[in-house]
């Protein structure tokens, strides 16, 4: 739905093509939601993020998203930092606007550094289709949560559940609301009843831990210091 550090907008199609049949979809680290919004809805859909601002984007969008269909998200440095430092979020409409503005106009979606390149980007001031996202999220079979990922996994694990895990990487802790250790991931994922896919950066430590599972090496592009860099990531699955 919006850019987020480590987001999977360039990999979402390949990931969705791998997802097996399921009745419950659970994404404990929803972030920008690239994979969730690419796939078809399951009978029950659980999206979760411990970052309260990210949670509020989804929660508020499902309630008041249509009220921002004519809002202006044109990039402006002064406005960006004013909103960043605003703590008096008077209502859901303003809170949603503020959180979306920071996500849309920050560098690689980090929500804390202004992306000056959006000032010259063609059509950067077009209206964000919040009414479209509101209609998608305002459905009874979607639950939007703000919990610790371990609790979410414990609550919804089962034979009919599919999990997509896209946790913050260990070297990107400053961009996340909580720490996710690789060993914790391994210990929990290997005991799940449901099927799962884990996406992570290509590092030997995680490949060594998950060596008995199917590991796919995939190429993608990340923006680093305003440059597009070809990198390799991995997808690990238990099926």
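Please indicate, with yes or no, whether at least one residue in the stretch 79-102 is touching a residue at least 60 places away in the same chain (Cβ under 8 Å), exposed (fewer than 14 other Cβ atoms within 10 Å of the Cβ) and under 19 Å from the mean Cα position of the chain (by Cα).
Applying the first criterion (touching a residue at least 60 places away in the same chain (Cβ under 8 Å)) to the stretch 79-102 yields 100.
Imposing the further condition that a residue be exposed (fewer than 14 other Cβ atoms within 10 Å of the Cβ) reduces the set to none.
Among the residues of the stretch 79-102, not one is touching a residue at least 60 places away in the same chain (Cβ under 8 Å), exposed (fewer than 14 other Cβ atoms within 10 Å of the Cβ) and under 19 Å from the mean Cα position of the chain (by Cα), which makes the answer no.
Kindly establish whether residue 211 is out of contact with any strand residue (DSSP E or B) (no Cβ under 8 Å at 6 or more places or on another chain), assigned to a loop (DSSP other than H, G, I, E, B) and at pLDDT 95 or above. Even if it seems obvious, please write down each step before you answer.
Numbers: out of contact with any strand residue (DSSP E or B) (no Cβ under 8 Å at 6 or more places or on another chain): yes; assigned to a loop (DSSP other than H, G, I, E, B): yes; at pLDDT 95 or above: yes.
In short, yes.
The combined condition, being under 13 Å from residue 100 (Cβ atoms), surrounded by fewer than 14 Cβ atoms within 10 Å (Cβ to Cβ) and either in contact with a strand residue (DSSP E or B) (Cβ under 8 Å, 6 or more places away or on another chain) or not assigned by TED's automatic domain parsing to the domain that holds residue 155 (or both), is not fulfilled by residue 43. Here is the figure for the stretch 10-36: residues that are at pLDDT below 95 and surrounded by fewer than 19 Cβ atoms within 10 Å (Cβ to Cβ) total 4.
Does residue 155 satisfy the criteria of being outside any loop (DSSP other than H, G, I, E, B), surrounded by fewer than 15 Cβ atoms within 10 Å (Cβ to Cβ), in the same structural domain as residue 35 (by TED's automatic domain parsing) and modelled with pLDDT of 95 or more? Reasoning before the result, please.
On the way: outside any loop (DSSP other than H, G, I, E, B): yes; surrounded by fewer than 15 Cβ atoms within 10 Å (Cβ to Cβ): yes; in the same structural domain as residue 35 (by TED's automatic domain parsing): yes; modelled with pLDDT of 95 or more: yes.
Yes: the conditions hold for residue 155.
Check whether at least one residue in the stretch 186-205 is farther than 22 Å from residue 233 by Cα, without any contact (Cβ under 8 Å) to a residue 24 or more places away in the chain and either loosely packed, with under 15 Cβ neighbours inside 10 Å or not assigned by TED's automatic domain parsing to the domain that holds residue 43 (or both), and report yes or no. Yes, some residue in the stretch 186-205 is farther than 22 Å from residue 233 by Cα, without any contact (Cβ under 8 Å) to a residue 24 or more places away in the chain and either loosely packed, with under 15 Cβ neighbours inside 10 Å or not assigned by TED's automatic domain parsing to the domain that holds residue 43 (or both). So which residues in the stretch 101-135 are at pLDDT 90 or above, part of a helix (DSSP H, G or I) and in contact with a strand residue (DSSP E or B) (Cβ under 8 Å, 6 or more places away or on another chain)? Result: 105, single match.
The values are calculated or read from the model by the stated rules, or taken from the named source; none is laboratory data. Predicted model only: the values in this text are computed from it and were never measured. Backbone-built Cβ (ideal geometry, glycine too); neighbour counts: all protein chains shown.
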